[in-house]
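Encoded as structure tokens, the structure appears first; notes follow it.
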Amino acid sequence: MVDWIPTLKHYPHFDKPIRPKDIEKLVCDPDAVARNSFYPFMRFEEKWQPFRDKQGGKPDKKVRELRFASRRDAYIYSYYRHILREPYEAALAARGLGDNVIAYRKLTTSEGKGKSNIDFALDAFNVIRGYGNAAVVTLDISKFFESIDHELLRQKWCGLLGVAELPLDHAAVFRAITRYAIVDRDAAYERLGYLTWQAKGSSRIPVYKTGFKDMPRQLCTNADFREKICGKGGAVASLIETNKNHFGIPQGSPISDMLANLYLIDFDSALKAYVDAIDGAFFRYSDDIIIVIPGGETEALAARDFAMAEIQKHGPQIVIKSKKTSVLKYSPAPGGQAFERLHGEQGRNGLEYLGFRYDGRAAYLRDATLSRLYRKVTRSIRAEARALVRRYSGKDQAYIESQFDAPKFMQRYGRVEEFDPTASYDTWTFWTYAKRAIETFGPLGRPISGQLKNYGRIVRTRMAHEIANALANK
């Protein structure tokens, strides 16, 4: 067995929990993997309303579709990701791409610490600063995971293994991840009796009869799965949706990130050859691409057009988002650099990259990052205020406010979504993130402290407001 330790899964799904020794027995047996009947992924949506910016009206709601595999399947995906990691890293090294492809990999700083998006953003800003006169192109692939061509992916997978056809176990994993099936989580919960719906105006909201902590780890028996989810017997319609397209893999499986990186390895090589020839640099963080080259508008537009033409060779569904394509120019100026936005809708206040903004003189947290923080803070404070009012029933507002531990709240609050999504960063709070950014960026990141100077005041002010509302509505 290769050096691989599974992260045990405890969330509710259709399969039974599996013991660690049985996990090892399963994933290390190619015949068992080849025979495995993969369950559908569970799907749910995360929705939020971005804050209104100064230049425009209220933006459209954002929707992120999340999918997660059954425990048994997730262990297989994770193990086969591990199998592919070593030859993929070797391929990157052979092509000189180790510093260019930065997402979903275990990269370290010169001190041996694991890199996060903070370090990757600083690397890019330092490259721009090093050129003095620099042209910067940012590109974003639209719906990257959903656009991956299956046949091209199969060819890349075979090439990585050095085979003409995938072995039966790898072929089974390939089929499961390309011809994947999905069941909507709330529809499954309703069908199994864990959820009902409540009218709210012209829409309806889900009401869970069973809380997440009390939800059984195996949602139903195999017989109920076949009858109530698959629709066997014809009493109810099947809830299973199968990807019948020749493109697309589910974002969220333990192997999808590796496959997405592998899929673009030839694009990465072509772009590297291009920028190397003009003494430039590029970084790709999954679907976010940044190109930095010496020169100005002419050089930048040529690099942009090359990248956009090259990406079209990687499947008919792969498209660069025009709204997220920008061309910026940086030039020497007192105190650092000045920047100019030459093309595109983004970059009015400087380069935005991996949760940060660089205006030529300093680095900042993106406005969207702060907006997301304060939106989540407001929701959390509202719930905490109601709990305090219930706990101290009969007390006045001043007393209840005195019981709110603001420093503790601020220290523990808010997991940040924009780091490298590996286990070592899973427990970071926003405050940990901000402190790490200030330390990592050094003098360049000094304004981040200023951006957060009102955090404590905002927390206390909003808590007072929510306590007053809770008291008024008792």
When residues of the range 135-173 are filtered for being in a helix (DSSP H, G or I) and acidic (Asp, Glu), how many remain? 3
Based on what the data block shows, is Val327 farther than 20 Å from Ile102 by Cα, in contact with a Leu (Cβ under 8 Å, 6 or more places away or on another chain) and not basic (Lys, Arg)? yes
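Every residue, every condition in (1) outside any loop (DSSP other than H, G, I, E, B); (2) out of contact with any helix residue (DSSP H, G or I) (no Cβ under 6 Å at 6 or more places or on another chain), yes or no:
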| position | (1), (2) |
| --- | --- |
| Asp186 | yes, yes |
| Gly231 | no, yes |
| Leu239 | no, no |
| Met258 | yes, no |
| Tyr274 | yes, no |
So the check is Cβ under 6 Å with 6+ separation or different chains; which pairs have a first residue in the range 220-233 that's open to solvent by 70 Å² or more (accessible area, probe 1.4 Å) and a second one that's of a type outside the set (A, V, I, L, M, F, W, C) and part of a loop (DSSP other than H, G, I, E, B)? Arg226/Lys232; Glu227/Gly233
Yes or no: Ala199 modelled with pLDDT of 90 or more and either within 30 Å of Arg154 (Cβ to Cβ) or open to solvent by 70 Å² or more (accessible area, probe 1.4 Å) (or both)? no
What's the total number of residues in the range 7-27 that are open to solvent by less than 50 Å² (accessible area, probe 1.4 Å), over 20 Å from Gln251 (Cα atoms) and assigned to a loop (DSSP other than H, G, I, E, B)? 2
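Residues checked against (1) modelled with pLDDT under 90; (2) closer than 30 Å to Tyr263 by Cα; (3) of a type in the set (Lys, Arg):
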{"residue": "His314", "(1), (2), (3)": "no, yes, no"}
{"residue": "Ser331", "(1), (2), (3)": "no, no, no"}
{"residue": "Ala338", "(1), (2), (3)": "no, no, no"}
{"residue": "Leu342", "(1), (2), (3)": "no, no, no"}
{"residue": "Asn349", "(1), (2), (3)": "yes, no, no"}
{"residue": "Tyr353", "(1), (2), (3)": "no, yes, no"}
{"residue": "Val377", "(1), (2), (3)": "yes, no, no"}
Just one of the numbered conditions (1) in contact with a helix residue (DSSP H, G or I) (Cβ under 6 Å, 6 or more places away or on another chain); (2) modelled with pLDDT under 95 is not true of Val207; which one? (1)
Quick check on my filter: what residues within the range 75-98 are assigned to a loop (DSSP other than H, G, I, E, B) and free of Cβ contacts under 8 Å to residues at least 12 places away in the same chain? Gly98
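The values are calculated or read from the model by the stated rules, or taken from the named source; none is laboratory data. These numbers come from a predicted model, not from an experiment. With ideal geometry, Cβ positions are generated from the backbone for all residues, glycine too; neighbour counts draw on all protein chains shown. Please note that ligands, DNA and RNA were not included when accessible areas were found on the heavy atoms of the full protein model with its side chains. Shrake-Rupley method; radii C 1.70, N 1.55, O 1.52, S 1.80 Å.
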